[in-house]
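Trainee: Below you will find the structure I want to go over with you.
All of the numbers you see were taken from the coordinates with simple rules; none came from a lab. As the structure is a computational prediction, the values presented were derived from the model and not from experiment. Please note: Cβ atoms are built from the backbone with ideal geometry, for glycine as well, and neighbour counts cover all protein chains shown.
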Amino acid sequence: MTVAGAVSAARLRALGADELADLLLDPESGSLSPTLAGAWARPLGLGTPAAELDAGRSAEDLKAMARAAGLKVGTRKAEVLAGVVAAFSDPEKVRAVAAGLPKQTQEVLRRIAEGEEVHEYGYFSARYSTPRSAVEHAIAAGLVVRADWDSGLRMCAEVALALRPDYTAPFDYAEPVLARTEVAVQTVADSGLAAAGGFVRLAAALLDHCGRTKVATLKAGGIGTREIAKLVKAVRCTDAEVRLTLAVTHAAGLLALDGGQAAPTGAYDQWLAADPADRHAALAAAWWTLPTVPAAGDSAWNPAEPDVTSGYPLRRAMMTLATDAAAAEGALPDGTTQTIAAIADDAAVAATVTWRFPLLAGPPASATTRAAACWREAQLLGAVAAGAATDLGLALMSGADPAAALCGLESARGTARLQADLTAVVAGTPSAALSELLDSCADLETRGAASIWRFSPASIRRALDAGGSEQSLREQLAAVADGGLPQPLDYLIGDVARRHGTVRAQPVACCLRSDDTALLAEIAAERRLRTLGLRLLAPTVLASDQSVEQTLNALRAAGYAPVAETADGVTVLEHAEPRRAPTKNTTARTAKVVGISDARPSRTSVPAPRRAPVPSAPAEPTLIARKLLATPDFVLAAPGPTFRTISSHARNLTAAEARILAHAVDSRLPVTIDYVNRQGGASSRTIENIQLAGGSALLAWCRLREAERWFNLDRILAAEPAND
């Protein structure tokens, strides 16, 4: 039986598989989760079947594999493929082919069959090359193939099973023990509401930070490691909590990644003005349908990056265990004195989920970690508390309105306790107006069940700089204060307000100074100089909004005679240097201009004695040779990206040799290299049509081998221009 693509939820329910459909299908599209769909293509991780893995290979490659296995097949590709698949389906035949390979190759095949990742970075073709290394022998025999253009090697399922005759599917028949303990119902409810309120405050803090500070996004989308670390420090939480909050707010439409940065959307303001119960209901609904498990990712976050598991089925399976715990004594009882059997060990939850639903949490190596991260997400949002499902968790499971289950969540607080130590304490979730007021005049120190702001001279000055006044600030703080405005805070506001604005700064491009105060007053009143923006700073100082050159030109055009000076009062001499054309051989013309005739010497002049030319000394041969050797055959281009890549990987080359090799790559020129292969054999190769592949290797035509070859940069010992 094969399961492909999207499976109809209605069909499964018609078969009486309601619970299966809820666990395995996406609630909106009805598609099978990616992890489950992938499990059918590669059962138990053994690999792709031979018929599928080898179907993309050329007929010549298949014939080479058939010859290596000692097969007699036809000439058509379909016949050759059928013969190769039949041979690989015979375990004895596969083991016989493997037994005829070198011991090192057999060891490599064993490692690949057991699931270890093995890579081959060199270029090898069974049709054109003779196998030398252990991996090349395995490729030539057809028992492994290169994974497309990647360096990884793949083995078909039939070969993996043949090389592991004692293989059995990993399965532990004993279900992990899920211990339970008695917990008061009220404890579950209170803990869940406390967690829900904390997550609302965390989301508000992160969105507020993104709205005030630029949070850069990656070119591929999402937020990188460096920005995640900054957010962790800014909102005082873990990186897993930051990734979860980013994913939830983005899915809820409160955060957008646009223009190279993450910023709140217009819906954020409406969300912030809503009651905490409605705020968290929107976040919980978005979390319930997330396709990923953000808390289980690495330090970066990208909403478009596919996950190895589908978050919704895993989340529902996890909540099923929590719901079973809550219903251990039947329906949830009313009252605060009754108890329920809650899950006692969080680690046992992850182990039980991966045992019951082995495909939901992704690859077995990380399944338990992902399941534990999903359970932690449920605790952070208040869907699970004290080991049992809360009212919010039950509402998400049943499809009810989450806001109704959060009616016990405390409303936003509009008042704060202003204390004599210059702090403001808000128990619970502060309202949007209260947070905005306290953020404007105080610095946030602690955020949690109680948020604490601290007043300081700098924070009060910040509020006054934003346009507030001493009186308005006192009135606004007194209106939200439980118990009135404390005296130290009142004194602090008055002291900062008295000193605020005593020194003022204005933009000035240049200043005019003169001891003649009447003249400066006349210039300031001159209508023709209005474009300069002149204003009198002092009786002898006039400020201008224009540059010194523009101000001088305008004053001179208006009939004044100003001079320029440096910042230390030294007069600037405005002396224009005469312009001259470049000097040429004009000796004769110059002589005529100054009255000197060079037509013939005068009779009274004494001609200079004639001298025989002095023969030059013969050039030293050694000097000529050195000059020729120092002259390059061609001029190398300036170092570019290719040079930087080669110099960082080709550690055996000098800077000059790295430039020669980079120039050959960029200019498509031949170059001669000294190369050492994996066996330690050294040779001199002249290569051409060079391509830089992967940043650490070259793919080029080798004249020595008359074929394309891969050359690792760290094995190149020297490089020089080719002689041709």
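Trainee: Counting each pair of different Cα atoms once, what's the Kirkwood radius of region 647-724 in Å, rounded to one decimal?
Mentor: 12.2
Trainee: Follow-up. Taking the Cβ of Gln476 as the centre, find all other residues whose Cβ is under 15 Å away and add up their charges (Lys, Arg: +1; Asp, Glu: -1).
Mentor: Value of the local net charge: -4.
Trainee: Shifting gears a bit: P(r) tail for region 417-493, what percent of Cα pairs lie past 16 Å?
Mentor: Summing the P(r) of region 417-493 above 16 Å gives 42 percent of all pairs.
Trainee: Compute the signed sum of charges (Lys and Arg +1, Asp and Glu -1) over the other residues within less than 9 Å, Cβ to Cβ, of Ala564.
Mentor: Within the 9 Å Cβ shell, the charges total -3.
Trainee: For a quick check: sort Thr354, Thr168 by the number of other beta carbons within 10 angstrom, fewest at the front.
Mentor: Thr168, Thr354
Trainee: Please say if region 44-163 is rounded, prolate or oblate, where rounded means a/c under 1.5 for a ≥ b ≥ c the square roots of the C-alpha gyration tensor eigenvalues, and otherwise the choice is prolate for a/b larger than b/c and oblate otherwise?
Mentor: rounded
Trainee: Within the set of other residues whose C-beta is less than 15 Å from the C-beta of Arg376, count the net charge using Lys and Arg as +1 and Asp and Glu as -1.
Mentor: Summing Lys and Arg as +1 and Asp and Glu as -1 gives -2.
Trainee: Rounded if a/c is under 1.5, else prolate if a/b beats b/c, else oblate: with a ≥ b ≥ c from the C-alpha gyration tensor eigenvalues square-rooted, which is region 510-557?
Mentor: Prolate, since a/c reaches 1.5 and a/b exceeds b/c.
Trainee: Sort Phe124, Phe199 so that the residue with the fewest other Cβ atoms within 10 Å of its own Cβ comes first and the one with the most comes last.
Mentor: So the ranking, lowest neighbour count to highest, is Phe124, Phe199.
Trainee: Take Thr249, Thr571, Thr105, Thr686 and order them by how many other Cβ atoms sit within 10 Å, fewest up front.
Mentor: Lowest count first: Thr571, Thr686, Thr105, Thr249.
Trainee: Using only C-alpha atoms and all pairs of different ones, pull out the Kirkwood radius for region 339-451 in Å with one decimal.
Mentor: Here the Kirkwood hydrodynamic radius works out to 17.2 Å.
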